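The structure appears right after this line, and notes come after that.
The values are calculated or read from the model by the stated rules, or taken from the named source; none is laboratory data. Worth saying up front: this structure is predicted, and the values here are computed from it rather than measured. Cβ atoms come from the backbone with ideal geometry, glycine included; neighbour counts cover every protein chain shown.
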């Protein structure tokens, strides 16, 4: 997962969700949503009861689901690893994130 302090919402790759979660319940997300560039992209949403990232347990939140293939192609052009999702401002705010750029540390208050 990539942390993006400029992203409003948390996003996960639509294709990877099917391998991470059993029978994910996806809903069409009908609000306007843009990825990289200026083109509107198909979006879905999904409620997540629990997502554990290392020792961090994130509970009861909604994520947006998109096809992240174009994003990952852009990352590959710069020899960056693929990402399964983007942690956005919604989670950073909900868990009162504190980011120490000097030490490369982020703390969430769970």
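Inside segment 77-94, can you point out the residues that are out of contact with any helix residue (DSSP H, G or I) (no Cβ under 9 Å at 6 or more places or on another chain) and within 18 Å of residue 64 (Cα to Cα)? Listed by number, the residues that qualify are 87, 88, 89, 90, 91, 92, 93, 94.
Scan segment 69-110 for residues that are surrounded by 11 or more Cβ atoms within 10 Å (Cβ to Cβ) and either modelled with pLDDT of 90 or more or not in a loop (DSSP other than H, G, I, E, B) (or both) and the total you get is 26.
For first residues located in segment 19-33 and on the phi < 0 side of the Ramachandran plot, partners that are at pLDDT 85 or above and assigned to a loop (DSSP other than H, G, I, E, B) and lie 6+ apart or on another chain with Cβ distances below 7 Å form the pairs 29/43; 33/43.
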